[in-house]
Amino acid sequence: KSSKREWKPLEEHSCTDVPWLLLFILFCIGMGFICGFSIATGAAARLLSGYDSYGNICGQKNVKVEGIVNSGLDLTHKKYVFFLDPCNIDLVHQRIKSLALCVSACPRKELKTLADIQKFAETNGSALCSYELQSSEYTTDPRAAKLCPKYPVPESAPIPFFHRCAPVNISCYAKFAEALITFVSDSSVLHRLISGVMTSKEIIMGLCLLSLVLSMILMVIIRYISRVLVWILTILVILGSLGGTGVLWWLYAKQRLSASALDTQIAKDNLQALLIYAIAATVFTVILFLIMLIMRKRVALTIALFHVAGKVFIHLPLLVFQPFWTFFVLILFWTYWITVLLFLGTTGSPVPNEEGFVEFRMVGPLKYMWWYHVVGLIWISEFILACQQMTVAGAVVTYYFTREKRNLPFTPILASVNRLVCYHLGTVAKGSFIITLVKIPRMILMYIHTQLKGKENACARCMLKACICCLWCLEKCLTYLNQNAYTATAINSTNFCTSAKDAFVILVENALRVAAINTVGDFMLFLGKVLIVCSTGLAGIMLLNYQRDYTTWVLPLIIVCLFAFLVAHCFLSIYEMVVDVLFLCFAIDTKYNDGSPGREFYMDKVLMEFVENSRKSMKEAGRAGGAESRELKPM
């Protein structure tokens, strides 16, 4: 009955999925509690000011830790953390395996001997050896070999805001860099790449701006070139399938002639394989032609929807800036999340380790807080993306179901945001939670697969990959269904489950149209992304080719192309979202309206022409199948 009930677009608004909104608010309060707990337990001070191996926070007075010597010191004038061996990095546990001390100043020049270290301590008042050694004992005490830094001590400088002394020369971290950048085996190559990026930074910024402008221009003109792109796609598919099938049959015939002269088992196997490939390609080509024959009329709907989507962006220009706001909010949240994660890394009670130094560890149930924090990363990120989908859906629904476009709200985007905040945050929270429930098991399986790499047998590896693939497919299907559910909610103000069911019924009734839009439309948008990347890359090659001030410009060009693809994907994904919303509105419009008085269509003139052409085709097909003697009366 829900599929037959009347849709009443934009007639009434009511709050949806309120319990899920309350649950999401409670979850966010829990995220805030984790942040507050880490700050209250001193994690923020330890992260920003730094602490030594004895549990003392640099730059302040400290409390004695039972059983730990050199703890509880007054380090008010020693504000920087200094590592005796900063290049000794443990890649497995991702930490520096070295004694850490609080010092007054970082060594701003290389110290080659213990005498230089002693002179630096006497001159600058910054003792670089352990606290139990006096500066006068650096060259005489035999313990200095273990309690003083490994020399030569590299030149270092404090990291802004984090008060750690870090070596100025990055070659100190060559081993770490090799683990991260495996394709760079020569440090000179890395220096040339970095110098190329720094020298051409103005060109990189200009090319990134060019990709941004090209993406915005393409969103406006794509409605005029959509028909050309569809014909290009059709011709490429036909030529590719026919050419591939023809080549396989030609190779089979040629191999068969040579096999008569070479009567070997290998030749027979190759001949049989070619025959199988050729038959499979022929069957695929025939099926592909039949599908194209069936869907040829539905491609016209895709073209019409792209044309109307271009009009939407003209009437709703703020849609173009929607990716900026979403990206900005995501960056703010991710920055907060990473900061709290760093807090959690230094949260806990001081515990002596096997080396006699202090580590901060959480005990009891609190040590599982980072799991809660990880779930928060996924759920809130999906929530932000879902808010974008609901905002776009609400604005496009307002445009579609407003008969007189001059009566549109002054800013439909802001009106959609207002409806989202006032009525539909619970629906967005529920939809994003469903995606989170699918994404977390997939990420766990991917982590297990990475950890067991090279250890599991072939069967286990195949099963893991199959489960990951199935969960990925399920996530994509649910994401598409969620987006249509948000559109249904924007139209009728129904809760998530009702909207998802209604949208699913509409999509099933228009399965062939959905297939045409998702195949032809996605390929058209993919061609648009390729066009922007190629145009930006070509401009980059032409500009960088005239620059002779640096050794190589491979890395700048890669950066520009990656940024161009990211920008094109963000903008054209909004275009794809608008097309999907328009299609659901169109399907609902054609199902419940027929153009008669009192049931007039809401659709644009371009879509109206498509409907009229479809009706004429159906009438002609009906007349052709009727009696020959039936009289045709003029309208």
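Overview of values
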read-out: By average C-beta atoms within 10 angstrom, highest first, the peptides 428-435, 205-212, 407-414; value: 428-435, 205-212, 407-414
read-out: Karplus-derived HN-Hα couplings along the stretch 76-87 (A = 6.51, B = -1.76, C = 1.60, θ = phi - 60°), whole Hz, x at Gly and Pro; value: 4, 9, 10, 9, 10, 8, 10, 9, 5, 9, x, 8
read-out: Angstrom value of the Kirkwood radius, inverse mean 1/r, which spans all Cα pairs in the stretch 102-148; value: 10.6 Å
read-out: Cα-based equivalent ellipsoid of the stretch 190-619: semi-axis lengths in Å, sorted from largest, via gyration tensor; value: 39, 37, 27
read-out: Given K453/K476; K430/K453; K146/K453; K367/K439; K79/K109, the pairs whose alpha carbons are separated by over 30 Å; value: K430/K453; K146/K453
read-out: Accessible area of I559 in the full protein assembly, 1.4 Å probe (Å², nearest 10); value: 70 Å²
read-out: Among 327-335, 370-378, the order from most to least packed when residues are scored by Cβ within 10 Å on average; value: 370-378, 327-335
read-out: Accessible area (Å², per residue) of the stretch 375-480, counting only protein heavy atoms and a probe of 1.4 Å; value: 50 Å²
read-out: F33 accessible area, 1.4 Å probe, all protein chains in place, Å² to nearest 10; value: 120 Å²
read-out: Cα centroid separation, the stretch 348-397 to the stretch 415-464 (Å); value: 14 Å
read-out: Relative contact order [Cα under 8 Å, 6+ residues apart], the stretch 190-619, whole percent; value: 29 percent
read-out: Size descriptor, Kirkwood hydrodynamic radius, that averages inverse alpha-carbon separations across the stretch 429-487, Å; value: 12.5 Å
read-out: Whole-percent carbon and sulfur share, accessible surface of the stretch 190-619, 1.4 Å; value: 72 percent
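The values are calculated or read from the model by the stated rules, or taken from the named source; none is laboratory data. Only a predicted model underlies this, so the values are computations on that prediction, with no experimental measurement involved. Note that we place each Cβ from the backbone using ideal geometry, even for glycine, and neighbour counts take in every protein chain shown. All accessible areas refer to the heavy atoms of the entire protein, side chains included, with ligands and DNA or RNA removed. Shrake-Rupley method; radii C 1.70, N 1.55, O 1.52, S 1.80 Å.
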